[in-house]
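Below you'll find the structure, written out as structure tokens, and then a few comments.
The values are calculated or read from the model by the stated rules, or taken from the named source; none is laboratory data. None of the values given here were measured: they were computed from a predicted structure. Note: ideal-geometry Cβ built from the backbone for every residue, glycine included; neighbour counts use all protein chains shown. Each accessible area value is taken on the protein alone, full model and side chains, heavy atoms only, with ligands, DNA and RNA left out. Shrake-Rupley method; radii C 1.70, N 1.55, O 1.52, S 1.80 Å.
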Amino acid sequence: MPIFNSNLIVPYMALATHNIVKYKKFKVPSLYAIFLISVSMRLLVALYLGNEVGALPGIHDQVSYHTLALRVLGGYGFSFATAWWPMTAANAPTAHWSYLYTFYLTAVYTLLTPTPLIARLIQAVVVGLCHPWLVYKIGRLTFNETVGLVAAGLTAVYLYFIYYAAALMTEAFYITGILASLYLLMRLAKASKEEETRLTLLLGLALGGTILLRQLFLLLVPFLLAWFWWARYQNGRKLPIRSTAAVTAIVALLILPFSLYNTQRFGHFVLLNTNAGYAFFLANHPIYGTNFEPILPPEMGSYQEMIPTELRHLDEAALERELMSRGLQFVLADPLRYLQLSLSRIPAYFMFWPSADSGLISNVSRVASFGLLWPFMLYGLIQAFYQNNWHTIWQQPFFLLALFALLYTGIHLLSWSLVRYRLPVDGVLLIFAGTAVVHISQCLLAANKRLQVPVSQ
């Protein structure tokens, strides 16, 4: 008999779920066990990656963040000693990379010596605890205690999250920030007057911090707040004008120092980062035709070669603004091509199968995480909508999760699609996977119980 038998997965899940439901007193130890597994696995990967900061599959950006943190630590500010991606000149100011994450690395390197391993270990512990804890809280609030525990358990062993938790990049903190924002929105939608002030402050900080990690999230904030208003309205509550104004003010105050800093360095207004224009221009360049390539093949040249020669003398911010303008011109010049190109990004975004073009780490992470669990994610998502009243579905917490997943996916299908850009959606959909596992397990247990009932003579 083989050691691993895939046919035993669901029965074992059923047994685990049965034990969680039956033995209520083991609830807290079960959550502690999930924390232990989560942190341990992430620490092991951090130790494996060690102090070497290389261009490993999917985490090439860690080289840039590490180098930039060392430059800031050395007193050179946000710049690179040599010409850097995407088109930043040596010793020129850059705002392409997250200021907040660079500050994290700089703080660790300042207080505890410039040792990447220490930054990895701290990140692994913080995210290893916070990520499954937030999934548990959201799952419990949205569905029930059991779903929260199962979803947290799936999060703890999800290979993509384990891998990126040890990478010196924004992903791990960013996904955690998104989950914190969604959870606080759910809480605030039903909060009492006594809780509202504290939750409003926390939500503003969570949204602001998440935006500082990746400015893309700013596009989703109006939609998330619109759900918040609708939920309050449908529940017969007073419209959250003051809460929304306070959250907006906190987010603005967190972004403002970086806007002023950018404006002083570049000589013109830059809200936060200078990466949107590059991404949109390169993602929609006519070189692709109607077939998007997530990684540009060598025969198509390089990304730098795609940038027009007459623009390369511009500073990073001016170039980013000009590239955004030209990217929009690509869309307006041929909307049909843009639609076809966007649709061609779907396989790159939802890829779950092994590829000959990918290395062992990428293939194993892809198949053993999203490849195994996407059917459960889809099952749980459909089940959630099917089991709820369509007249009241819009204010339900699970609708907020589905709304985020839809909007976030749409943004990347219209711009740049890579598997790692889908990971925040995975973090949310694992909660629906938890509902699927629980439901399937309960069905199996019920079927098994019926089979064990003796037939009357």
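Annotations for the structure displayed:
- Only one entry in A318, A348 is closer than 17 Å to R422 by Cβ and in contact (Cβ under 8 Å) with a residue 12 or more places away in the chain, namely A348.
- Beta carbons closer than 9 Å, at least 6 apart along the sequence or on distinct chains, pair a first residue in the range 256-269 that is touching a residue at least 24 places away in the same chain (Cβ under 8 Å) with a second that is assigned to a helix (DSSP H, G or I) and of a type in the set (D, E, K, R) for F266/E316; H268/R321.
- In the set L332, L314, L296, only one residue is part of a helix (DSSP H, G or I) and hydrophobic (A, V, I, L, M, F, W, C); that residue is L332.
- L43 vs. criteria in contact with a Ser or Thr (Cβ under 8 Å, 6 or more places away or on another chain), at pLDDT 95 or above and among the aliphatic types (A, V, I, L, M): no
- For R232, the conditions (1) of a type outside the set (F, W, Y); (2) touching a Leu at 6+ places or on another chain (Cβ under 8 Å); (3) under 15 Å from L205 (Cα atoms) are fulfilled apart from (3).
- Screening V108, V126, V63 for residues that are surrounded by fewer than 20 Cβ atoms within 10 Å (Cβ to Cβ), assigned to a helix (DSSP H, G or I), of a type in the set (V, I, T) and out of contact with any Gly (no Cβ under 8 Å at 6 or more places or on another chain) leaves exactly one candidate, V126.
- Helices (runs of 4 or more DSSP H) contained entirely in the range 358-419, each with at least 2 residues that are open to solvent by less than 50 Å² (accessible area, probe 1.4 Å), without any contact (Cβ under 8 Å) to a residue 60 or more places away in the chain and under 27 Å from F143 (Cβ atoms): 372-386, 397-413
- Counted residues, the range 345-357 - those being open to solvent by 40 Å² or more (accessible area, probe 1.4 Å) and more than 23 Å from G410 (Cα to Cα): 3
- Residues of the range 61-75 classified as hydroxyl-bearing (S, T, Y) and touching a residue at least 60 places away in the same chain (Cβ under 8 Å), total: 1
- Looking across the range 42-53 at every residue that is within 22 Å of the chain's Cα centre (by Cα) and over 22 Å from L111 (Cβ atoms), the one that is surrounded by the fewest Cβ atoms within 10 Å (Cβ to Cβ) is identified as L44.
- For G77, the conditions (1) more than 17 Å from E171 (Cβ to Cβ); (2) outside any loop (DSSP other than H, G, I, E, B) all hold with the exception of (2).
- Taken together, Y164, Y160, Y183 contain a single residue that is over 13 Å from the mean Cα position of the chain (by Cα) and either more than 26 Å from E52 (Cα to Cα) or aromatic (F, W, Y) (or both), which is Y183.
- Any hit, the range 136-153, residues being closer than 23 Å to L117 by Cβ, touching a residue at least 60 places away in the same chain (Cβ under 8 Å), open to solvent by less than 20 Å² (accessible area, probe 1.4 Å) and part of a helix (DSSP H, G or I): no
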